[in-house]
Amino acid sequence: MYTAHAKVRMQQRAIPSSVVNLLLDYGERTPAGRGGEIFYFGRRGRQRVCRSKGQAISQRLEGHWRDYVIVADGRVVTCGKRYRRIRRS
């Protein structure tokens, strides 16, 4: 389930819902504060996607490896592209 803000950000940043689903299924997670979690593709997440979906999807996701999703209370709150490293606690 997406918030209205998340839907707008997905459209503005050209992040398809299929990438959001892959992030939620295969992405690494870390606390985001205020009870939320950040899901992102780290090295292990990329490997998991390639192992389960094949190398062809790796080429299609080339522009989306830096995407992230913030989830709070079971809902996608926002999403975007990483320009800095995510600090894990």
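Numerical summary
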| item | result |
| --- | --- |
| Relative contact order for the chain, counting Cα pairs under 8 Å that sit 6 or more residues apart, in percent | 36 percent |
| Theoretical FRET efficiency, 1/(1+(r/R0)^6), r = Cβ-Cβ of Ala72 and Ser17, R0 25 Å, to 0.05 | 0.90 |
| Within the chain, percent of DSSP bridges classed antiparallel, to nearest 5 | 95 percent |
| q = 0.14, 0.27 Å⁻¹: log10 I(q)/I(0) that the Debye formula gives for the stretch 1-45, counting C-alpha atoms only | -0.36, -1.09 |
| Cα convex hull of the chain - mean projected area over all directions, nm² | 5.6 nm² |
| Where the chain is the region considered: accessible area per residue in Å², 1.4 Å probe | 68 Å² |
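The values are calculated or read from the model by the stated rules, or taken from the named source; none is laboratory data. If you're wondering where the values come from, they're calculated on a predicted model, not measured in any experiment. Glycine gets a Cβ as well: all are built from the backbone with ideal geometry, and neighbour counts include every protein chain shown. The area values use the complete protein model at the heavy-atom level, side chains included, leaving out ligands, DNA and RNA. Shrake-Rupley method; radii C 1.70, N 1.55, O 1.52, S 1.80 Å.
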